[in-house]
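Where a number appears in this text, it was derived from the coordinates with a stated rule and is not lab data. As the structure is a prediction and not an experimental result, all values here were calculated from the model. Every residue, glycine as well, gets a Cβ built from its backbone with ideal geometry; the counts of neighbours run over all protein chains shown.
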């Protein structure tokens, strides 16, 4: 194998870090990638957050072997103390430019996501999804102090009312939670998905939020191709849930940016809010 190249990976947002391609944020994981003579990749991934280590390990052990599309394979787990996984990586390219505009790519991405969401899974979270979302939104408001103006807080209050009005699924499904083109790979094994550190059981619509506020807003034809592959249109009830999830996501991005005085991410959060209907 060649000498390992060490790079840093920007991870997507969880509850305390916003997501998105666009503005740069601090690196959260270190990667060492070795390329073998046959072109295969061996990736050593060191996680700075224990939660990310546990989530990627669980997804690659439990979900990935049962999926009909390509995903990294866990070769070695170096344990909680090191928070390090050694993976057999995916050979291929991240779709950009003309490749990103190909509807066939998005149909493949939709079909892959449907397969992930359909994996048999027992939801052990005792908190109902609607209650969890309400608590998350209330937490964002409490953390913000005076960073959100009255108009935004009034909108958040209406969002809380909307959460109570909507019907929420009784249980969660396996979710990637960072399902964007930057984590898709097109290669010899076909369509593949990388970077599972955010993966955990959640509402299926969570995997659509970032696409809906980003790429699909700019290129709606790609949304139609994706949903063709997924096999179902979200429908009116799911659209309402997507509005709520999108608002919480955008508010989290905005709050994160203002705490760190990050102008680029503040602009991203504002743009996401502008793309959502008013509650």
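Here is how the numbers come out for the structure above:
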{"item": "Fewest-first sequence of 44, 253 by Cβ atoms within 10 Å of each Cβ", "result": "44, 253"}
{"item": "Contact order normalised by residue count of region 125-279, Cα under 8 Å, 6+ apart, percent", "result": "24 percent"}
{"item": "Cα gyration tensor, the chain - rounded (a/c under 1.5), prolate or oblate", "result": "prolate"}
{"item": "Peptide ranges 59-65, 144-150 listed from the most packed, as the mean C-beta count within 10 angstrom indicates", "result": "59-65, 144-150"}
{"item": "Gyration tensor verdict on region 44-84 (Cα atoms; rounded if a/c is under 1.5, prolate if a/b is larger than b/c, oblate otherwise)", "result": "prolate"}
{"item": "The chain - percent relative contact order, Cα under 8 Å, separation 6 or more", "result": "21 percent"}
{"item": "In degrees, nearest ten, helix 129-144 long axis to first principal axis of the chain (Cα)", "result": "80 degrees"}
{"item": "Rounded, prolate or oblate (a/c below 1.5 giving rounded, otherwise prolate when a/b exceeds b/c) for region 159-279 by Cα gyration tensor", "result": "oblate"}
{"item": "Whole-angstrom gap from region 239-274 to region 51-108, using each part's C-alpha centre", "result": "26 Å"}
